[in-house]
Amino acid sequence: NAGVTQTPKFQVLKTGQSMTLQCAQDMNHEYMSWYRQDPGMGLRLIHYSVGAGITDQGEVPNGYNVSRSTTEDFPLRLLSAAPSQTSVYFCASSSVTGEQFFGPGTRLTVL
Amino acid sequence: GNSVTQMEGPVTLSEEAFLTINCTYTATGYPSLFWYVQYPGEGLQLLLKATKADDKGSNKGFEATYRKETTSFHLEKGSVQVSDSAVYFCALSDRTARAGKSTFGDGTTLTVKP
């Protein structure tokens, strides 16, 4: 039981490049979320999904896309990277009781 | 909408000191309340939780009581250790809404000195 896994752990991009952050969970949770964490700003919700085929925007969705084709996977796509997207990104899945299980994070730098 | 307000940090304590990190919330419905801990370079992990009024969550010597009358969920530990140095997040999940959508406080950084 691996829980929530994220790849890559570190990434450096140039402005304008695109990439996909991978997230997978093996707990059969319906609910999955993407957050970004910036110094002094806590966690901010980017996108979330309540099940396969259903996604919705969080508080900071601009510049990011998501899809949910399976219960297990919830990738986050950066369409055209900008320096403002330099951050640590966390994927989480949630049990029906609301407890969140977080991945180890992806540390992204956009030059 | 829902919100969580945490005591601002950073908090610096000496080993064996008493810890309190205040957390208050605003929510519609009947939320479940959580404390998460984040150690350096890692993701958040659940520390403790409470799902209804007057419940006490506890783990690793940490405790928090769900106080509906004061809409609070303060984190306490009687004697902190250097290994407790981390960032602590208070959070709620509104069971009348989508359970996956939690609301987090801004986090409180705790440093414990030997």
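The values are calculated or read from the model by the stated rules, or taken from the named source; none is laboratory data. Just so we're clear, the structure is a prediction, and the values are computed from it rather than from any experiment. Here the Cβ positions follow ideal geometry from the backbone for every residue, glycine too, while neighbour counts run over all protein chains shown. Heavy atoms of the whole protein, side chains included, go into the accessibility calculation; ligands, DNA and RNA do not. Shrake-Rupley method; radii C 1.70, N 1.55, O 1.52, S 1.80 Å.
The table for this structure:
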{"item": "Extreme residue, surrounded by the fewest Cβ atoms within 10 Å (Cβ to Cβ), among residues of the stretch A:47-73 that are within 19 Å of A:Met19 (Cβ to Cβ) and within 12 Å of chain B (Cβ to nearest Cβ)", "result": "A:Thr55"}
{"item": "Scan of the stretch A:1-20 for residues that are over 25 Å from B:Gly105 (Cα atoms), within 16 Å of the chain's Cα centre (by Cα) and open to solvent by less than 40 Å² (accessible area, probe 1.4 Å), ordered by number", "result": "A:Pro8, A:Met19"}
{"item": "Any chance B:Glu15 is among the charged types (D, E, K, R), over 13 Å from the mean Cα position of the chain (by Cα) and either surrounded by 21 or more Cβ atoms within 10 Å (Cβ to Cβ) or modelled with pLDDT of 95 or more (or both)", "result": "yes"}
{"item": "Candidates B:Thr108, B:Thr24, B:Thr51 - the one that is within 29 Å of A:His47 (Cα to Cα), more than 13 Å from chain A (Cβ to nearest Cβ) and buried (at least 17 other Cβ atoms within 10 Å of the Cβ)", "result": "B:Thr24"}
{"item": "Counted residues, the stretch A:61-111 - those being in a loop (DSSP other than H, G, I, E, B), hydrophobic (A, V, I, L, M, F, W, C) and modelled with pLDDT of 95 or more", "result": "4"}
{"item": "Search result, residues across the stretch A:1-29 that are touching a Phe, Trp or Tyr at 6+ places or on another chain (Cβ under 8 Å) and either part of a loop (DSSP other than H, G, I, E, B) or modelled with pLDDT under 95 (or both)", "result": "A:Gly3, A:Met27, A:His29"}
{"item": "Residue match in the stretch A:73-87 (condition: within 28 Å of B:Leu48 (Cβ to Cβ) and touching a Leu at 6+ places or on another chain (Cβ under 7 Å))", "result": "yes"}
